[in-house]
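I have placed the structure first, in the form of structure tokens, so that the comments after it can refer back to it.
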Amino acid sequence: MLKTYCNPVYPEIMADPFVLKHEGRYYAYGTAPDGPGGGRFPVLVSNDLVDWHRAGYAITTPGDDHFWAPEVAYSEGKFWMYYSRGDIEGKHQKLRVAVADNPVGPFTDCGVLLVPNLQFSIDAHPFRDKDGQWYLYYCVDFLELEDDHRIGTGIVVDRLVAMDRLAGEPRTVARPHADWHLFKKQRAMYDAVYDWHTVEGASVLVHGGKYYCFYSGGAWEKENYGVSYVVADHPLGPFTRPEGSDEALLMRSRPGNVIGPGHNSFTASPDGSQDWIVYHAWDTAMTGRRMCIDRLVWDGGKPGTAGPTFTRQPAPAGLVL
């Protein structure tokens with residue numbers, strides 16, 4: 001009998017979910033309420049992407065700071081966790097990196113700021129190209145008008161010259177440009193007031209020799225939040241928008257069933273034959289953002305998904321009950 005699943009695949013709050021597949025097992029990291037003793041970022045473990053079990057917290061740091069959006073890369077025999085730390089309002093966030101010998105941790109902060117000259121940098125996404133070079137995609141704020149771009153948060157990319165050090169040569173990947181990217185009208189930021197727009201949560205997939213940088217746009221706690229993408233021939237860009245980018249091209253809310261799907265990562269099915277998107281979504285009562293999965297399919301150069309799903313679906317390939 002074919003195994004199935006129904007979203008969410010984990011019952012507790014697990015926002016900004018990132019899944020690392022390592023030696024045939026899946027490890028998920030996410031933004032969630034603090035654990036005992038200052039435990040940050042719950043770590044979940046699974047053999048099949050469907051059944052998940054808590055394995056503790058990635059890092060322990062007592063205090064009032066807030067920790068957001070962890071992602072983990074495996075390199076040089078170690079596990080590198082990129083995350084942001086700062087105040088609850090998100091106006092003062094700094095990107096940091098921690099390291100561990102085991103995917104479940106404990107991770108130890110490396111004691112460096114990856115982007116020290118900015119008061120706001122979030123949503124780090126490490127990506128390794130086929131030649132072995134690592135890149136880091138992350139978010140910063142843009143206060144200048146350019147072309148049809150809006151004021152607000154956007155995505156840049158830089159080379160990692162070491163797993164804990166950037167080249168310091170960021171290039172723009174995506175900036176907000178559409179009405180659905182609205183985060184908040186008349187938002188007070190940087191001693192001014194703006195109609196603030198946001199694209200965030202970068203995640204890169206390579207398909208057909210092209211680099212697809214997926215992003216989430218809009219207000220994370222509202223129905224306009226969804227997932228779209230830009231495309232390039234190289235990890236550093238330049239990235240271009242597909243036709244129809246005035247709407248969320250990959251995933252959006254399903255009123256009455258799922259609200260604000262987004263901040264995704266990608267992984268492969270157990271047998272390696274399928275791409276799967278891992279993302280968070282609100283329930284209709286808005287009690288929390290929980291981890292969901294759905295299959296990603298390709299039609300030529302166009303990615304698609306049936307998600308966000310809320311009914312029972314076939315499990316990832318390679319699983320038989």
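Would you report the distance distribution of C-alpha pairs in segment 189-298 as whole percents per 10 angstrom bin, up to the bin with the largest distance?
14, 41, 32, 11, 1, 0
On the protein heavy atoms, probe 1.4 angstrom, tell me the percent of accessible surface of the chain carried by carbon and sulfur.
50
Between their Cα atoms, which of 3/302; 21/78; 94/185 are more than 18 Å away from each other?
Cα-Cα > 18 Å for 3/302; 94/185; rest within.
Which of 33, 106, 62 moves most in a GNM of the chain, Cα contacts under 10 Å?
Looking only at 33, 106, 62, the biggest GNM fluctuation is shown by 62.
Hey, got a sec? Which GluC sites (Glu not before Pro) in segment 24-104 land in a DSSP loop and have at most 16 other Cβ atoms within 10 Å?
Passing sites in segment 24-104 are 76, 89.
May I ask you to derive the relative contact order of the chain, considering only C-alpha pairs under 8 Å and at least 6 residues apart, and to give it as an integer percent?
16
Per-residue HN-Hα couplings for segment 144-150, Karplus 6.51 cos²θ - 1.76 cosθ + 1.60 at θ = phi - 60°, whole Hz, x for Gly and Pro?
These are the phi-based 3J(HN,Hα) values: 10, 7, 8, 6, 9, 6, 9 Hz.
If you average the alpha carbon positions of segment 224-300 and of segment 92-109, how far apart do those two centres end up, in angstrom?
So the separation of the two Cα centres works out to 25 Å.
What longest region of the chain stays clear of trypsin sites (Lys or Arg not before Pro) that DSSP places outside H, G, I, E and B and that have at most 16 other Cβ atoms within 10 Å?
Counting at most 16 other Cβ atoms within 10 Å as exposed, the longest clean stretch of the chain is 131-221.
Using r as the Cβ-Cβ distance of residue 45 and residue 254, and R0 as 35 Å, what FRET efficiency do you calculate, to the nearest 0.05?
0.75
Mind listing which GluC sites (Glu not before Pro) in segment 194-296 are in a DSSP loop and have 14 or fewer other Cβ atoms within 10 Å?
Passing both the DSSP loop test and the Cβ count: 221, 243, 247.
Using the heavy atoms of the protein chains alone and a 1.4 angstrom probe, what is the accessible area of the chain per residue in square angstrom?
Ligands and nucleic acids excluded, the result is 43 Å² per residue.
Mind ranking 213, 6 by accessible surface for me, highest first, 1.4 Å probe?
If we order 213, 6 from most to least accessible, we get 6, 213.
The values are calculated or read from the model by the stated rules, or taken from the named source; none is laboratory data. The shown structure was predicted, so the numbers you read here are calculated from the model rather than taken from an experiment. FYI the Cβ positions are ideal-geometry reconstructions off the backbone, even for glycines, and counts take in every protein chain you see. To get the accessible areas, we keep the full protein, side chains included, count just its heavy atoms, and leave off ligands, DNA and RNA. Shrake-Rupley method; radii C 1.70, N 1.55, O 1.52, S 1.80 Å.
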